[in-house]
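S.K.: This is the structure I have questions about; it appears just below.
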Amino acid sequence: MEDKELVKLANEAKKNAYAPYSKFRVGAAVLTENGKVFTGVNIENASFGATNCAERTAVFKAVSEGENKIRAVAIASDSEEYIYPCGICRQVLAEFGDRNMKVICSKPNGEFIVRKLEEVLPNAFTEIK
Ligand code: THU
């Protein structure tokens with residue numbers, strides 16, 4: 001699966017975002033080591049803290065289907081600027097991938113940039129051995 005395709009899937013997923021409060025729609029798509037793709041959207045709540053970001057929705061869908069090794073995540077919104085995963089999502093991504101996981105940030109026109117997880121989450125906390 002090419003980065004460009006993953007971005008497209010994240011963009012398409014965005015239409016299902018449930019964002020009545022912020023009106024900020026986000027879509028995500030994760031690629032697992034077995035080549036499967038799971039998409040997700042942000043799901044807000046009247047009790048704002050109960051909101052789930054698009055990235056975590058996609059990760060949780062993958063893990064709950066038995067796919068817990070994630071190689072790449074693409075993120076799409078309606079913003080003209082690249083958006084990066086929030087801090088909580090970065091930590092959740094770190095749980096299911098290594099430092100080389102691709103974090104693909106995109107714009108609505110399909111342009112994208114690729115970062116590694118270690119760049120956006122240096123010195124990540126992992127299980128103490
Ligand atoms: N949001 C995401 O879904 N992913 C991000 O990377 C940043 C923020 C959502 C949460 C909330 O529904 C809305 O965007 C505004 O913060």
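S.K.: If we sort 114-120, 5-11, 71-77 on the protection proxy, mean other Cβ atoms within 10 Å, highest first, what's the order?
M.R.: Per-residue Cβ counts within 10 Å, averaged per peptide and sorted highest first, yield 71-77, 5-11, 114-120.
S.K.: Apply the Kirkwood formula to the range 3-120: the hydrodynamic radius equals the inverse of the mean of 1/r over all pairs of different alpha-carbon atoms; give it in Å with one decimal.
M.R.: When all Cα pairs of the range 3-120 are included, the Kirkwood radius is 13.7 Å.
S.K.: Between E80, E12, E55, where does the largest GNM mean-square fluctuation fall for the chain, given springs only between Cα atoms within less than 10 Å?
M.R.: Among E80, E12, E55, the largest GNM mean-square fluctuation belongs to E80.
S.K.: Give me the 1.4 Å probe accessible area per residue for the range 69-111, excluding ligands and nucleic acids, in Å².
M.R.: Accessible surface, normalised per residue, equals 48 Å².
S.K.: Further question on the same structure: Tell me, what % of the accessible area of the chain is carbon and sulfur with a 1.4 angstrom probe?
M.R.: Within the chain, the accessible surface is 50 percent carbon and sulfur.
S.K.: What are the chymotrypsin sites (Phe, Trp or Tyr not before Pro) within the range 19-120 that DSSP puts in a loop, where the Cβ has at most 14 other Cβ atoms within 10 Å?
M.R.: When the chymotrypsin sites (Phe, Trp or Tyr not before Pro) of the range 19-120 are filtered for loop state and at most 14 Cβ neighbours within 10 Å, Y21, F24 remain.
The values are calculated or read from the model by the stated rules, or taken from the named source; none is laboratory data. These numbers come from a predicted model, not from an experiment. Note: ideal-geometry Cβ built from the backbone for every residue, glycine included; neighbour counts use all protein chains shown. Accessible surface is based on the protein model in full, side chains and every heavy atom, while ligands, DNA and RNA are left aside. Shrake-Rupley method; radii C 1.70, N 1.55, O 1.52, S 1.80 Å.
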